[in-house]
Ligand SMILES: [Zn+2]
């Protein structure tokens with residue numbers, strides 16, 4: 001399996017970058033084993049910091065897969081879009097949002113779920129170290145990650 005690094009953006013969170021992030025586009029791949037080291041992945045909730053076009057950033061407490069050996073965090077794209085569409089009360093497609101990092105859980109708990117003040121969220125945010133894509137076959141094209 002090859003991995004591809006997407007262009008890095010400027011760091012926006014105040015805290016040191018954490019985790020290597022993969023937004024899983026394959027609905028039939030649930031990654032109970034790590035795509036990199038083949039160890040069993042943990043299931044754990046992370047507060048994800050999500051930029052949605054024309055909206056304030058969203059903080060979402062979401063079940064993710066995590067491999068401590070590879071420092072790899074995986075979220076499922078279809079789950080994510082379902083939740084985002086529900087929150088925004090309209091269809092949210094893959095080119096309309098970006099997952100930028102994680103927010104400290106204690107700060108998220110203090111706020112009323114999604115409605116933490118922006119500055120407070122940025123102060124408690126870790127950007128991802130890198131955003132990566134695992135290709136399962138040669139046929140998959142990475143989505144446009146310019147935004
Ligand atoms: Zn691993």
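Taking the conditions (1) over 11 Å from the mean Cα position of the chain (by Cα); (2) outside any loop (DSSP other than H, G, I, E, B); (3) touching a residue at least 24 places away in the same chain (Cβ under 8 Å); (4) within 16 Å of the ligand (Cβ to nearest atom) in turn, residue 20 satisfies each one other than (1).
Based on what the data block shows, is residue 87 in contact (Cβ under 8 Å) with a residue 12 or more places away in the chain and more than 11 Å from the chain's Cα centre (by Cα)? Even if it seems obvious, please write down each step before you answer.
Values: in contact (Cβ under 8 Å) with a residue 12 or more places away in the chain: yes; more than 11 Å from the chain's Cα centre (by Cα): yes.
Spelling it out, residue 87 is indeed in contact (Cβ under 8 Å) with a residue 12 or more places away in the chain and more than 11 Å from the chain's Cα centre (by Cα).
The set of residues in the range 33-73 that are part of a loop (DSSP other than H, G, I, E, B), in contact (Cβ under 8 Å) with a residue 12 or more places away in the chain and away from the ligand (no atom under 11 Å from the Cβ) comprises 53, 55, 56, 57. In the range 29-50 there is no residue that is surrounded by fewer than 19 Cβ atoms within 10 Å (Cβ to Cβ) and under 11 Å from the mean Cα position of the chain (by Cα). A search for C-beta distances below 7 Å between a residue of the range 107-123 that is assigned to a loop (DSSP other than H, G, I, E, B) and any residue that is surrounded by 15 or more Cβ atoms within 10 Å (Cβ to Cβ) and modelled with pLDDT under 85, counting only pairs 6+ apart in sequence or on different chains, returns 116/107; 116/108.
The values are calculated or read from the model by the stated rules, or taken from the named source; none is laboratory data. Fair warning: this is a prediction, and the values are worked out from it, not measured in the lab. Counting neighbours? That spans all protein chains shown, and the Cβs are built from the backbone with ideal geometry, glycine included.
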